[in-house]
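The values are calculated or read from the model by the stated rules, or taken from the named source; none is laboratory data. No experiment lies behind these values; they were computed from the predicted model shown. All Cβ positions, even for glycine, are placed from backbone atoms using ideal geometry, and neighbour counts span all protein chains on display. In case anyone asks, the SASA skips ligands and DNA or RNA and just uses the protein heavy atoms, side chains included. Shrake-Rupley method; radii C 1.70, N 1.55, O 1.52, S 1.80 Å.
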Amino acid sequence: MKIAVLAHLKYPIGQPYAGGLEMHTHLLTVALKRHGHDVTLFASRGSDPALDPVMLCDPTGDALLDPDREEAIDRAEHEAYRRMMEMVAAGGFDLVHNNSLHALPLRESTRIGLPWVTVLHTPPFESLVAGIVDADPDMAFLAVSPSLAQEWAHLVPNAQVVDNGVDLSTFVFSEVADVPAFAFWSGRIVPEKGLHLAIDAARAAGLPLTFAGPKLNPGYWAAEIAPRMGPDLTHLGHLAHRDLAHHLGRARVAIVSPRWEEPFGLVVAEALACGTPVAAFRRGAMPDILDASCGRLARPDDPQDLAVAIREAAGLSRRACRDRAEALYDATAMTGRYLEAYDAVIARCAERARPALRVAGGRG
């Protein structure tokens with residue numbers, strides 16, 4: 001197949017990844033190419049040149065904290081997506097895989113008339129909802145977790161769930177954690193990821209915390225993280241995936257502290273792949289991913305309860321964690337499920353086109 005993959009334009013699609021969606025889009029693009037498909041990735045500048053991406057604009061995410069630039073960013077994104085859709089319409093594609101989280105491609109789907117898959121990676125927000133309302137009625141929607149599918153059920157009642165996957169050859173199994181023990185946290189260092197609560201919880205549990213991720217919100221770092229820094233905390237910076245996997249595999253427990261309804265949480269699957277049990281707030285997809293064999297859940301926003309979860313999770317079987325990742329979150333299996341979804345939507349579109357062709361033939 002000739003496939004157009006539409007990325008969002010906030011951050012480049014390349015390492016070190018700004019977050020899980022960037023990683024997912026990169027991983028999927030690589031996997032589809034390895035399956036022999038002709039894949040064109042549409043993304044922002046700075047994306048991995050090995051993917052041969054069509055780069056439409058500078059990344060817009062770093063400017064999100066500046067309210068004075070909001071209108072200019074909206075205009076730049078709108079123009080970039082408009083050009084993206086022109087190239088998709090003229091590109092001879094067999095299918096569109098939409099990870100953009102932007103309304104314009106959804107609205108344009110009615111005009112372009114291609115088999116089209118949109119993956120829901122976030123809870124509903126106003127502009128995306130508006131785009132979905134105006135999208136091609138033949139659009140296929142997929143969600144990355146059962147909990148996220150439920151959040152969208154009022155608008156997209158039949159979204160197929162395709163769980164995210166991780167590269168199990170990168171996130172390798174570590175049978176034994178380091179001594180002395182430490183906890184690990186990774187992600188974007190922004191308020192909704194709750195690093196400050198993870199720090200408080202690790203201290204209450206009596207474990208030093210090593211953490212990694214980009215400082216995408218300087219105000220949050222200054223107000224909540226810098227005052228908490230001490231000898232029991234280590235910030236490794238923004239890591240590429242092999243380095244991230246190395247540190248995850250050495251940790252006794254991974255802490256995941258979302259302050260929003262996390263739609264999936266790739267760091268959870270990454271930790272499990274390394275054999276590292278997880279302690280997390282009970283939000284979003286955390287109960288979907290973790291069971292009693294590999295993790296413990298705490299009351300949202302409660303660092304003391306999270307500390308209890310940390311102490312309990314630290315004693316769980318590392319082999320059971322890896323087994324769960326292999327069974328449910330293997331990127332190879334994820335890619336296979338996407339390919340099945342592609343075949344289904346292409347077949348459905350072809351079947352719906354046949355009556356029109358028969359009518360046209362009869363009139364001839």
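Among the helices (runs of 4 or more DSSP H) confined wholly to segment 253-344, which include 1 or more residues that are free of Cβ contacts under 8 Å to residues at least 60 places away in the same chain, in contact with a Cys (Cβ under 6 Å, 6 or more places away or on another chain) and open to solvent by less than 20 Å² (accessible area, probe 1.4 Å)? Here the list reads 266-274, 318-328. Given the condition assigned to a loop (DSSP other than H, G, I, E, B), buried (at least 16 other Cβ atoms within 10 Å of the Cβ) and small (Gly, Ala, Ser), answer yes or no: does some residue in segment 226-238 qualify? There is no residue in segment 226-238 that is assigned to a loop (DSSP other than H, G, I, E, B), buried (at least 16 other Cβ atoms within 10 Å of the Cβ) and small (Gly, Ala, Ser).
Inclusion of Ala31 among residues that are open to solvent by less than 50 Å² (accessible area, probe 1.4 Å) and of a type in the set (A, V, I, L, M) is warranted. When Arg242, Arg203 are checked against the criterion of being closer than 16 Å to Gly19 by Cα and assigned to a helix (DSSP H, G or I), Arg242 stands alone in meeting it. Kindly indicate whether Leu106 is buried (at least 22 other Cβ atoms within 10 Å of the Cβ), farther than 22 Å from Thr335 by Cβ and not charged (D, E, K, R). The answer is yes for Leu106. For segment 5-112, the helices (runs of 4 or more DSSP H) that sit wholly inside it and include 2 or more residues that are within 25 Å of Asp243 (Cα to Cα) are 20-34. For Val39, the conditions (1) open to solvent by 60 Å² or more (accessible area, probe 1.4 Å); (2) of a type in the set (A, V, I, L, M); (3) in contact with a Leu (Cβ under 6 Å, 6 or more places away or on another chain) are fulfilled apart from (1). Restricting attention to segment 166-196, the residues being in a helix (DSSP H, G or I), among the hydrophobic types (A, V, I, L, M, F, W, C) and open to solvent by 20 Å² or more (accessible area, probe 1.4 Å) number 0. Comparison of Ala201, Ala205, Ala212 shows that the only residue that is at negative phi, buried (at least 19 other Cβ atoms within 10 Å of the Cβ), more than 26 Å from the chain's Cα centre (by Cα) and in contact (Cβ under 8 Å) with a residue 12 or more places away in the chain is Ala205. Looking at segment 1-16 only, could you name the residues that are over 12 Å from Ala43 (Cα atoms) and open to solvent by less than 30 Å² (accessible area, probe 1.4 Å)? Within segment 1-16, just Ile3 meets the criteria. Filtered by the rule that a residue be aliphatic (A, V, I, L, M) and modelled with pLDDT of 95 or more, segment 217-252 gives Ala222, Ala223, Ile225, Ala226, Met229, Leu233, Leu236, Leu239, Leu244, Ala245, Leu248, Ala251.
Taken over segment 215-225, residues that are part of a helix (DSSP H, G or I) and touching a residue at least 40 places away in the same chain (Cβ under 8 Å) amount to 2. I'd like the full set of residues that are open to solvent by 20 Å² or more (accessible area, probe 1.4 Å) and farther than 23 Å from Glu22 by Cα, limited to segment 116-146. Ala130, Val133, Asp134, Asp136, Pro137, Asp138, listed by residue number. Restricting attention to segment 62-87, the residues that are touching a residue at least 60 places away in the same chain (Cβ under 8 Å) and crowded, with 17+ Cβ neighbours inside 10 Å total 4.
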